[in-house]
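What follows draws every value from the coordinates through simple rules; no lab data is involved. These figures come from a predicted structure and were not determined experimentally. Every residue, glycine as well, gets a Cβ built from its backbone with ideal geometry; the counts of neighbours run over all protein chains shown.
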Amino acid sequence: MPLLGVNSVRVALISGGTYPYRDGAVETWCELLTAGLDEYRFHRVAALDAAPGRPVGARRGRWGRQTRPEPPGTFVATALRLASGPVRPGRGRGPALRQHRRTATHAAVLLCRGMLEEGPHSAEMFRSALRRLAAISTDGTHPLVGVPLVEVLLDAWRAAGGPSTAVARLTGRSPGTGLPWPVLRDAQVTARALEHAVRALCVPVPEVELCHAVDGGLATLVALGAKWRRGVPYVLTEHGLYLRSPLIEDVGDRPAARAILLRFLRSLTRLGYAEAGAIALPTERMRRWATRQGAERELLRVVPPGVEPRDYPHLREEPPEPVVVWLGPDDELPLILQAFATLLRAVPDARLIVAGSAPPYPTPERITFAGPVADRREAYATARLVVVSGGHASMPYPLIESMLCGRATVCTDNGGLAAMAGMGALVTPPGDPDRLAAACASLLTDARLRRELSSAARRRARTLFTRNAMLDGFREEYARALSGRPGLVPADGLAVPGGLATADGLAVADGIPA
């Protein structure tokens with residue numbers, strides 16, 4: 001149902017400390033979205049976990065992507081450094097601080113109980129806690145300032161474990177939850193991480209009609225705060241699992257702290273799904289993950305990443321030499337080097353071009369380390385075969401690009417690459433250099449197989465992974481989320497139930513909506 005005045009709809013594009021301050025695959029995706037949906041006005045919001053740097057400009061990264069100029073009509077980015085000193089209510093003393101502390105402490109108890117316990121009311125306790133913290137942080141006040149979070153966390157941790165403390169001390173685990181039995185240092189590290197994360201609830205979001213959270217962690221907390229305080233709906237897109245959240249990496253090698261933060265992130269993920277107006281995920285793998293985490297199937301839709309086909313035209317000629325170009329994250333480099341050493345036994349005249357720098361150890365002969373690639377199209381043109389490996393979020397783009405170019409491709413079966421490639425690439429198990437070498441050898445020595453594979457790859461990419469298809473998908477998801485917003489009037493003149501429209505077409509609740 002199309003909406004009137006959609007060209008004036010303002011969208012807050014929320015990231016958890018990445019775009020526009022860091023370069024990478026999510027940033028490529030954000031730029032494609034904001035530049036392509038020119039009927040919307042975007043404001044970029046970043047919840048940072050470090051000091052903000054200069055927003056990325058027109059420069060080239062490791063993979064040769066040049067950032068596009070800012071689309072006309074977009075707002076400048078706003079950000080809040082989560083690790084900065086707490087902002088206190090008023091002057092930080094007197095009745096305001098005491099009231100804030102009482103409310104925040106009660107919310108902290110619910111937060112810890114909700115994420116640690118497995119009872120039927122745990123999810124509602126967790127939701128109620130975050131709603132209360134969002135309500136008391138409207139002026140930028142740190143939600144948990146003045147709260148003895150370490151003590152609260154320890155109490156909830158021990159209570160969730162059940163009464164058998166003697167067993168817990170002997171085994172090192174709480175019998176009620178299976179979590180490691182807490183010690184003070186674990187609670188201190190965990191509390192510090194939670195304080196930084198929950199502060200995302202007070203990140204300021206501008207006057208917009210829609211939020212779009214581009215990850216399920218800090219960005220979701222920002223979107224939840226905007227929804228609960230002002231009734232702004234949000235679309236949720238996750239590019240990775242919470243199991244790999246930077247929040248977990250921050251606690252180092254403390255298993256107990258990692259276990260508690262995983263409980264927090266699991267509860268936050270499920271809450272983010274439950275509160276979202278629409279959930280648009282980039283891969284079928286992420287859709288299955290969301291379903292297992294309890295997301296409503298009616299809210300889920302797969303909107304794959306897209307690439308502009310004109311930027312990667314069909315490469316009809318291939319080089320006379322058996323050249324392999326590899327693109328992957330740094331931690332996959334040993335895999336391709338070992339596979340290439342095996343490949344040389346079957347194809348002695350093969351050459352390997354690595355899009356990256358040489359490692360500090362000896363490597364097989366006939367390898368060129370190209371460093372940062374200025375233009376990936378040139379790299380594909382020099383290749384008879386492209387290898388894409390690793391589960392990093394940036395890898396779908398080289399895979400899609402090589403498929404659009406019609407290059408024969410081998411990819412590893414992790415990170416959703418296999419589902420994306422379909423019948424357009426040879427797929428090998430992750431971490432198996434022998435199978436990877438065998439797949440490369442079969443393609444390098446069989447021209448007919450290369451032609452069949454490249455034709456299938458190009459057809460698949462032009463059907464499923466174009467920029468226009470991605471943009472159309474998000475147009476539909478934005479309209480779906482906005483259709484549930486009180487006060488927006490569809491083009492057929494029928495009012496959407498749920499509230500009264502204000503002068504700008506929005507119904508904004510005072511305080512926290514019920």
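Determine Rg/Rh for region 241-331; Rg is computed over alpha-carbon atoms and Rh is the Kirkwood hydrodynamic estimate from the same atoms.
Expressed as Rg/Rh, it is 1.16.
Over region 402-467, one equal point on each Cα, no solvent: what is log10 I(q)/I(0) by the Debye formula at q = 0.23, 0.27 Å⁻¹?
-0.94, -1.16
In nm, to one decimal, how far is the modelled label at Thr382 from the one at Arg266, with both set 7 Å along Cα→Cβ?
In this crude label model, Thr382 to Arg266 measures out at 4.8 nm.
Estimate the FRET efficiency between Ala419 and Arg98 by the formula 1/(1 + (r/R0)^6), using the beta-carbon distance for r and 45 Å for R0, to the nearest 0.05.
E(calc), rounded to 0.05, equals 0.25.
Once all Cα-Cα distances of region 309-464 are split into 5 Å bins that start at 0, what whole-number percent is in each one?
Using 5 Å bins, I get a P(r) of 2, 10, 22, 25, 23, 14, 4, 1, 0 for region 309-464.
Cα centroids of region 271-339 and region 397-420: how far apart, whole angstrom?
8 Å
Could you give each residue of region 108-122 its phi-based ³J(HN,Hα) in whole Hz, using Karplus coefficients 6.51, -1.76, 1.60 with θ = phi - 60°, and x for Gly or Pro?
Going residue by residue, I get 5, 4, 4, 4, 5, 5, x, 8, 9, 8, 10, x, x, 9, 4 Hz, with x marking Gly and Pro.
Per residue of region 138-143, what does 6.51 cos²θ - 1.76 cosθ + 1.60 with θ = phi - 60° give for ³J(HN,Hα)? Whole Hz please, x for Gly and Pro, Karplus curve as stated.
5, 9, x, 4, 4, x
Sorted by packing (mean other beta-carbon atoms within 10 Å per residue), highest first, where do 197-205, 37-45, 448-456 land?
Ranking, from highest mean packing down: 197-205, 37-45, 448-456.
Mind listing the long-range amide H neighbours of Thr466? Cut-off is under 5 Å, sequence gap 5 or more, other chains count too, H placed in the peptide plane at 1.01 Å from N.
Close amide H contacts, sequence-distant or interchain: Val307.
Which residues does the label zone of Ala469 cover in region 307-334, counting backbone N under 19 Å from a point 7 Å along Cα→Cβ?
From region 307-334, the list is 307-315.
Put a dot 7 Å past each Cα toward the Cβ at Thr368 and Ala341; how far apart are the dots in nm?
2.3 nm
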